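Let me begin by presenting the structure, written as structure tokens, before commenting on it.
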Amino acid sequence: MGKYFGTDGFRGEANVGLTVDHAFKIGRFVGWYYGRDHKCRVVIGKDTRRSSYMYEAALTAGLTASGADAYLLHVTTTPSVSYIARIDDFDCGIMITASHNPYYDNGIKLLNSQGEKMDEEVLLEIERYLDGEIGELEYAHRSEIGRTIDYSAGRNRYIGYLISLATHSYKGKKVGLDCANGSTSMIAKSVFDALGADTYVINNNPNGLNINLNCGSTHIEGLRRLVVGNELDVGFAFDGDADRCLAVDETGRVIDGDLILYIYGRHMKERGKLEGTNVVTTVMSNIGLYKALEEAGIGFEVTDVGDKYVWENMRRTGNRLGGEQSGHIIFAKYATTGDGVLTAMKLMQAMLDRKLPLSKLAEPVKIYPQVLRNIRVADKSAVLEDPDVREAERRVKEKFGNDGRILLRASGTEPLIRVMAEAPTEAECAQAIDIIAGEIARKGYVLDV
């Protein structure tokens with residue numbers, strides 16, 4: 001990760017960590033970089049935050065000042081920008097969003113011409129420009145100045161693409177949708193209505209300030225009440241930019257990304273669609289998922305946290321299904337990034353193909369209790385390299401055997417060591433974390449708070 005761009009773009013509080021000047025300069029650099037030997041074309045989408053309009057204007061000004069043409073999808077989802085960038089031969093795509101963060105944060109996600117996260121070397125060059133390490137870029141003049149083009153038709157094409165992927169009518173199915181007052185407010189209901197579902201929609205009235213506010217995939221209680229109270233067949237909750245999806249089964253149980261990977265991984269295997277490939281997970285996936293995949297005869301691989309790393313594995317190995325516990329699920333045949341609405345549709349397909357409710361599809365997975373503790377430290381690298389800390393970790397792993405696990409990792413953005421334990425009981429998790437945390441404290445790494 002660089003100075004500004006993390007695994008999911010340049011993110012910060014609007015006009016504090018991420019300013020309008022940053023956005024203008026990013027537009028300037030992108031327009032210049034991709035326009036050195038041809039007329040650069042960039043497609044831009046945004047979520048429903050109030051500040052997204054400001055960043056859209058700044059990015060557009062920067063792009064056109066460098067001679068690029070900016071195509072505006074307006075309010076839309078991250079996966080739609082990825083799709084349009086890929087199929088319409090754009091030089092790159094830009095999504096203005098801070099995903100599941102509160103409204104006062106925002107971010108700029110850059111995607112390459114294949115709809116994937118932007119190449120690291122390009123991001124590093126942008127950071128050099130932001131820090132003044134690259135000289136001023138030449139402005140476009142006269143007829144070379146770029147244009148702004150309304151491209152809302154691209155969003156409609158994406159909706160049509162999703163509808164074309166459905167293998168069943170949803171007629172007779174009662175489906176709940178929590179749009180998080182975000183990007184799916186413009187898309188999800190249209191897709192499910194077109195496929196015949198009886199839709200019950202909540203949190204689809206964005207006002208610029210209520211995105212993710214006690215709703216969506218990070219606050220799923222409202223969807224659970226909707227599903228149970230109205231006796232729905234299933235519910236789906238999205239985050240602000242709709243690159244993730246969590247589900248609620250007909251009993252009100254939350255079906256997280258791990259369960260989604262199991263349900264659809266098994267569905268692919270039973271149809272012969274998983275031959276020769278593994279399900280790609282991250283280090284945060286639950287040990288219960290791995291045990292269930294093994295029981296089903298499905299192989300798996302493990303990456304660092306971040307859908308960027310999941311996709312890198314899938315692209316390199318040819319694995320066809322991967323994702324995160326948080327609900328970023330990638331279906332390599334159809335997309336190069338997580339897509340919440342597509343994930344919901346794939347769960348509907350599994351239910352309808354097998355003629356079973358979601359609760360039955362998830363039943364074979366026994367999710368182990370998972371406890372996470374954040375420890376504020378002075379030096380993250382020193383903690384992870386300390387032989388005594390690692391010895392404590394080894395003792396815990398030896399005690400757990402095959403019935404639990406312990407994971408230490410550094411936060412990418414804060415002075416924190418995250419210690420996660422999984423075991424048959426929460427008490428065993430807490431005891432394991434106490435051993436690690438005690439050793440970190442004993443060695444003098446813990447910061448006073």
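The values are calculated or read from the model by the stated rules, or taken from the named source; none is laboratory data. Just so we're clear, the structure is a prediction, and the values are computed from it rather than from any experiment. When we count neighbours, we look across all protein chains shown, and the Cβ atoms used for this are built from the backbone with ideal geometry, even at glycine.
Answer with yes or no whether Ser169 is under 22 Å from Thr97 (Cβ atoms), at pLDDT 95 or above, out of contact with any Ser or Thr (no Cβ under 9 Å at 6 or more places or on another chain) and not basic (Lys, Arg).
no
Could you go through the range 414-426 and let me know if any residue there is surrounded by fewer than 15 Cβ atoms within 10 Å (Cβ to Cβ), assigned to a helix (DSSP H, G or I) and either touching a residue at least 12 places away in the same chain (Cβ under 8 Å) or touching a Gly at 6+ places or on another chain (Cβ under 8 Å) (or both).
Taking every residue of the range 414-426 in turn, at least one turns out to be surrounded by fewer than 15 Cβ atoms within 10 Å (Cβ to Cβ), assigned to a helix (DSSP H, G or I) and either touching a residue at least 12 places away in the same chain (Cβ under 8 Å) or touching a Gly at 6+ places or on another chain (Cβ under 8 Å) (or both).
Checking Asn203 against (1) out of contact with any Cys (no Cβ under 6 Å at 6 or more places or on another chain); (2) within 26 Å of Arg49 (Cβ to Cβ); (3) crowded, with 24+ Cβ neighbours inside 10 Å; (4) without any contact (Cβ under 8 Å) to a residue 60 or more places away in the chain: exactly one of these is not met. Which one?
Just one mismatch for Asn203, condition (1).
Would you pick out the residues in the range 397-413 that are within 18 Å of Pro387 (Cα to Cα) and not in a strand (DSSP E or B)?
If the condition is that a residue be within 18 Å of Pro387 (Cα to Cα) and not in a strand (DSSP E or B), then Lys397, Glu398 are the ones that fit.
Select the strands (runs of 3 or more DSSP E) contained entirely in the range 265-361, then report the ones holding at least 2 residues which are surrounded by fewer than 23 Cβ atoms within 10 Å (Cβ to Cβ) and touching a strand residue (DSSP E or B) at 6+ places or on another chain (Cβ under 6 Å).
Fully inside the range 265-361 and qualifying: 300-303.
Would you list the strands (runs of 3 or more DSSP E) that sit entirely within the range 144-207 and hold 3 or more residues that are assigned by TED's automatic domain parsing to the domain that holds Tyr83?
Of the strands (runs of 3 or more DSSP E) lying wholly inside the range 144-207, those with at least 3 residues that are assigned by TED's automatic domain parsing to the domain that holds Tyr83 span 148-150.
I need the full set of residues from the range 14-34 which are farther than 24 Å from Ser80 by Cβ and of a type in the set (Gly, Ala, Ser), in order please.
The one that is farther than 24 Å from Ser80 by Cβ and of a type in the set (Gly, Ala, Ser): Gly17.
Go through (1) surrounded by fewer than 23 Cβ atoms within 10 Å (Cβ to Cβ); (2) on the phi < 0 side of the Ramachandran plot; (3) at pLDDT 95 or above one by one and return the number of the condition Glu136 breaks.
It fails just one condition, (3).
Can you name the residue in the range 196-219 that is more than 12 Å from Gly240 (Cα to Cα) and small (Gly, Ala, Ser) and is also farthest from the chain's Cα centre (by Cα) among such residues?
By that ranking, first place goes to Gly196.
In the range 139-186, how many are loosely packed, with under 11 Cβ neighbours inside 10 Å and among the hydroxyl-bearing types (Ser, Thr, Tyr)?
The qualifying residues number 3.
Before we move on, is Leu226 outside the structural domain of Asp105 (by TED's automatic domain parsing), in a helix (DSSP H, G or I) and either touching a Gly at 6+ places or on another chain (Cβ under 9 Å) or in contact (Cβ under 8 Å) with a residue 60 or more places away in the chain (or both)?
When the stated conditions are applied, Leu226 passes them.
Kindly indicate the residue of the range 6-38 that is touching a residue at least 60 places away in the same chain (Cβ under 8 Å) and of a type in the set (A, V, I, L, M) and also nearest to Glu121 (Cα to Cα) among those meeting that condition.
Ranking the candidates gives Val30 first.
Looking for whichever is modelled with pLDDT of 95 or more and either on the phi > 0 side of the Ramachandran plot or touching a helix residue (DSSP H, G or I) at 6+ places or on another chain (Cβ under 9 Å) (or both) here; the options are Gly306, Gly299, Gly276. Which one fits?
Unique residue meeting the criteria: Gly299.
Quick check, is Pro357 touching a helix residue (DSSP H, G or I) at 6+ places or on another chain (Cβ under 6 Å) and closer than 20 Å to Tyr262 by Cβ?
Here the answer is no, as Pro357 does not meet what is asked.
As an exercise: evaluate Lys3 against (1) in a strand (DSSP E or B); (2) in contact (Cβ under 8 Å) with a residue 60 or more places away in the chain and give the number of the one condition it does not meet.
The single condition Lys3 does not satisfy is (1).
Working carefully through the options Ala247, Ala242, find the one that is in contact (Cβ under 8 Å) with a residue 12 or more places away in the chain and part of a loop (DSSP other than H, G, I, E, B).
After applying the criteria, what remains is Ala242.
Among the numbered conditions (1) in the same structural domain as Ala432 (by TED's automatic domain parsing); (2) at positive phi, tell me where Val377 comes up short.
The single condition Val377 does not satisfy is (2).
Being under 22 Å from the mean Cα position of the chain (by Cα) and in contact (Cβ under 8 Å) with a residue 40 or more places away in the chain: is that true of Gly45 here?
Spelling it out, Gly45 is indeed under 22 Å from the mean Cα position of the chain (by Cα) and in contact (Cβ under 8 Å) with a residue 40 or more places away in the chain.
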